[in-house]
């Protein structure tokens, strides 16, 4: 998060067809083991998925760590990462930083549902190119790289973040507990339900044949999250609010729910809450919930249950069979701009959602436990866990 209270924050720069993407992550403690191979593993997870564009097969993203890591460990200074766009040579003139000696035709037909028209109006430009280049989901590769740093940090605290696809088009996965995460990671759609996945893939094929796109819903699950992250005392410190903002920022996400979310609106209060039960005295916390309708967060504070978040992804706006639009130069009717397009991005959006959730939780952990070196943060965390035997009171008080 970018508020004044942030412990861990990041910035990205770069365009879809520019030279590179750049990310700077600030606030990570010293002493965290981190490698380029670890970051590359998660970048690859973002690129795979049935329904992605041909570009995913051309470019294998890797992030070069430029600063903030020495001899395999973070130093406490900002970590900068560089992701090169391997198709840059094809776009040198169009995306040149300096003036070129030839006319570059402007992109002048905005795509309904994209940032094109609002962007050129806001910034007072006649060419959509600068807008679409930065608004492109290509920027999320930098976010996944930063998210890899965050999730590497969270692993030290036993916190794991996963995602899976629960819906594409009109098909909803039939889920069983526990979710088979090995199957999800090997699945072309990151779906735990193999039978429904076949129907999803057939729908993607049908949309592709018709020059159309498909959306859906992904689910994020964070386990091992301790009680007490976030706060109820100010609106911007509420953990669920921070998560909702982060997930909503993922391209094409138009809805976010935590736990049972919108489904709770249809039931009575007696059916919407998570009943509190005693657990073992050795456990932290020593009380537990019978269910997890709240998705692991109550009153803006994590409650020790898994944090469960869903993001609804609309069908993307770049269509091979373009929609009606208007030429910005002539004001006449035309069709919307088309360059290259995914058909379905739901599995990739889930991986990007993982990164954003990891970033939010990392900031919350650092806010709660502090420290400039990993050993200090871990010591504070362990002291917190060992000092509280049950909710609201220290052991023996």
_Six or more apart or on different chains, Cβ atoms under 6 Å: show the pairs whose first residue is in the range 254-268 and on the phi > 0 side of the Ramachandran plot and whose second is assigned to a loop (DSSP other than H, G, I, E, B) and surrounded by 11 or more Cβ atoms within 10 Å (Cβ to Cβ)._
259/293; 259/294; 259/295
*asked:* Restricting to the range 39-64, give me the number of residues that are closer than 13 Å to residue 144 by Cβ, modelled with pLDDT under 90 and touching a strand residue (DSSP E or B) at 6+ places or on another chain (Cβ under 7 Å).
replied: 0
_So residue 292, is it without any contact (Cβ under 8 Å) to a residue 40 or more places away in the chain and assigned to a loop (DSSP other than H, G, I, E, B)_ = yes
*If we scan the range 177-184, do we find a residue that is within 19 Å of residue 308 (Cβ to Cβ), surrounded by fewer than 16 Cβ atoms within 10 Å (Cβ to Cβ) and in contact with a helix residue (DSSP H, G or I) (Cβ under 8 Å, 6 or more places away or on another chain)?*
yes
*Yes or no: residue 67 modelled with pLDDT of 95 or more, in contact with a strand residue (DSSP E or B) (Cβ under 7 Å, 6 or more places away or on another chain), over 24 Å from residue 163 (Cβ atoms) and surrounded by 15 or more Cβ atoms within 10 Å (Cβ to Cβ)?*
no
*asked:* I need the full set of residues from the range 152-170 which are touching a helix residue (DSSP H, G or I) at 6+ places or on another chain (Cβ under 7 Å), in a strand (DSSP E or B) and surrounded by fewer than 21 Cβ atoms within 10 Å (Cβ to Cβ), in order please.
replied: 162
*Quick one: in the range 329-372, which of the residues that are in a loop (DSSP other than H, G, I, E, B) and either touching a helix residue (DSSP H, G or I) at 6+ places or on another chain (Cβ under 7 Å) or buried (at least 24 other Cβ atoms within 10 Å of the Cβ) (or both) is modelled with the lowest pLDDT?*
340
*Being surrounded by 16 or more Cβ atoms within 10 Å (Cβ to Cβ) and in a strand (DSSP E or B) is the filter here, so list the residues in the range 27-47 that pass it.*
30
*Check whether at least one residue in the range 257-270 is crowded, with 20+ Cβ neighbours inside 10 Å and in contact with a helix residue (DSSP H, G or I) (Cβ under 6 Å, 6 or more places away or on another chain), and report yes or no.*
yes
_Out of the residues in the range 219-246 meeting the condition of being within 15 Å of the chain's Cα centre (by Cα) and not in a helix (DSSP H, G or I), tell me which one is surrounded by the fewest Cβ atoms within 10 Å (Cβ to Cβ)._
221
*asked:* So residue 140 passes all but one of these: (1) touching a helix residue (DSSP H, G or I) at 6+ places or on another chain (Cβ under 9 Å); (2) part of a helix (DSSP H, G or I); (3) more than 30 Å from residue 358 (Cα to Cα). Which condition number does it fail?
replied: (3)
*Which one of 115, 192 is surrounded by fewer than 19 Cβ atoms within 10 Å (Cβ to Cβ) and either modelled with pLDDT under 95 or farther than 25 Å from residue 7 by Cα (or both)?*
115
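The values are calculated or read from the model by the stated rules, or taken from the named source; none is laboratory data. What you see is a predicted model, and the numbers here were worked out from it, not measured in a lab. Cβ atoms come from the backbone with ideal geometry, glycine included; neighbour counts cover every protein chain shown.
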